[in-house]
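Remarks on the structure that follows.
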Amino acid sequence: MSWGGVQKHWLKNWGGSGRKPTPAPADFEVDKDARYTGEVAAYYKHSGYGFIVPDQEGLVPGDKIFVYWKNIQSDDRFPTLSQGMKVEFGLMKKKDEGVMTLCTKYVTLPGGSMVAIQDTEDSKKTFVGGQNLRYTGVLKFYDPERGFGYVILDDGFALDEPVPKDLRVETSEVNAGGKQPRAMKDLSVEFGIWKTEKGAYKVYNMTLPGGIPTTLEALEHRKVLEDKTYTGKVVTWSWHGGWGWILPDASEVFPADVQSKIDVMEAATTAKGKKVEFVRAVYFRKQDCVGDAGQKVDKEAKVTFQLYTDDKGVGGTTVQLVVTDMVVTA
């Protein structure tokens with residue numbers, strides 16, 4: 001579920017009930033370096049959010065703070081928390097659709113260790129053929145806004161149970177390497193099968209063939225050029241779309257093969273009758289931002305970035321804000 005989708009979920013289900021994001025008072029100051037401890041009051045796994053009660057009374061209005069799954073530090077295939085867990089976290093302000101709220105950032109176990117509850121959750125499942133048995137099929141679709149999709153099981157498997165051909169896959173079982181699963185369709189996948197307490201059969205730990213997580217890098221055959229960091233400024237930014245363009249500084253020189261791909265992209269744009277507004281500009285997405293850039297990126301912002309190539313051409317990643325020639329991170 002996207003951030004906007006989460007907000008709509010709040011308004012629909014928790015509006016007026018007190019179970020909604022904490023409004024940020026106009027005079028509330030956030031200590032970006034401070035770490036706090038607390039207990040998970042509730043967490044809605046399939047919606048990807050919950051609430052933490054800080055140990056320090058009066059830390060935040062209402063003594064309850066919102067936590068979004070993307071801020072959970074975890075190696076689990078889908079980061080999640082469980083009710084009653086003790087955690088450590090930082091605070092940040094987040095503005096979306098004109099509303100400034102208080103949220104957690106960089107949520108870990110006390111002491112800073114990674115959250116790891118996947119094995120415990122998996123041990124409660126009943127598997128068809130065993131936890132390590134893998135099946136193959138075709139992902140018909142996966143919709144991150146709705147939080148589920150369907151897989152068609154390949155023919156030829158000898159099954160001792162009445163497993164249907166069409167199997168539901170939910171967000172928590174889409175292995176995206178700890179990142180947000182993307183919209184996908186018509187994709188060869190492999191997976192396990194588990195049986196719910198009500199007798200429904202569902203997909204378990206879905207990956208690409210060979211156990212490869214369904215990351216953006218894998219889906220688009222992304223190759224990051226990690227040996228060089230560039231500097232430029234944001235010339236276009238769509239907050240609601242979560243994408244923009246970076247114009248590199250005039251002194252920056254790209255590798256010949258990268259520049260060639262950019263030339264091809266610009267020629268394709270011109271061939272469609274569209275104007276290339278900024279020559280040599282590099283496309284980037286919000287999920288390719290790190291630190292404060294993920295929250296504060298805006299037009300004219302000075303940034304550093306790395307380049308990647310993929311099936312669509314060239315893009316920017318590890319985008320970071322620059323303030324007085326210093327990189328700012330969360």
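Worth pointing out:
- With respect to (1) crowded, with 16+ Cβ neighbours inside 10 Å; (2) modelled with pLDDT of 90 or more, the lone exception for Leu216 is condition (2).
- Test result for Gly199, small (Gly, Ala, Ser), in the same structural domain as Gly149 (by TED's automatic domain parsing) and either under 17 Å from Val303 (Cα atoms) or assigned to a loop (DSSP other than H, G, I, E, B) (or both): yes
- Condition met for Gly90 (under 29 Å from Ser238 (Cα atoms) and modelled with pLDDT of 90 or more): yes
- Looking across Val174, Val169, Val234, one residue alone is closer than 30 Å to Tyr106 by Cα, in the same structural domain as Pro248 (by TED's automatic domain parsing), surrounded by 19 or more Cβ atoms within 10 Å (Cβ to Cβ) and touching a strand residue (DSSP E or B) at 6+ places or on another chain (Cβ under 9 Å). It is Val234.
- Any chance Leu225 is within 16 Å of Gly149 (Cβ to Cβ) and either hydrophobic (A, V, I, L, M, F, W, C) or modelled with pLDDT of 95 or more (or both): no
- Scope the range 88-137; condition under 30 Å from Gly199 (Cβ atoms), of a type in the set (S, T, N, Q) and crowded, with 17+ Cβ neighbours inside 10 Å; matching residues: Gln118
- Total residues in the range 167-196 satisfying the condition of being among the aliphatic types (A, V, I, L, M), part of a strand (DSSP E or B) and without any contact (Cβ under 8 Å) to a residue 60 or more places away in the chain: the figure is 5.
- Candidates Val319, Val327, Val290 - the one that is among the β-branched types (Val, Ile, Thr), modelled with pLDDT under 85, under 18 Å from the mean Cα position of the chain (by Cα) and under 21 Å from Val224 (Cβ atoms): Val290
The values are calculated or read from the model by the stated rules, or taken from the named source; none is laboratory data. This one's a predicted model, so the numbers in the text were calculated from it and none came from an experiment. Every residue, glycine as well, gets a Cβ built from its backbone with ideal geometry; the counts of neighbours run over all protein chains shown.
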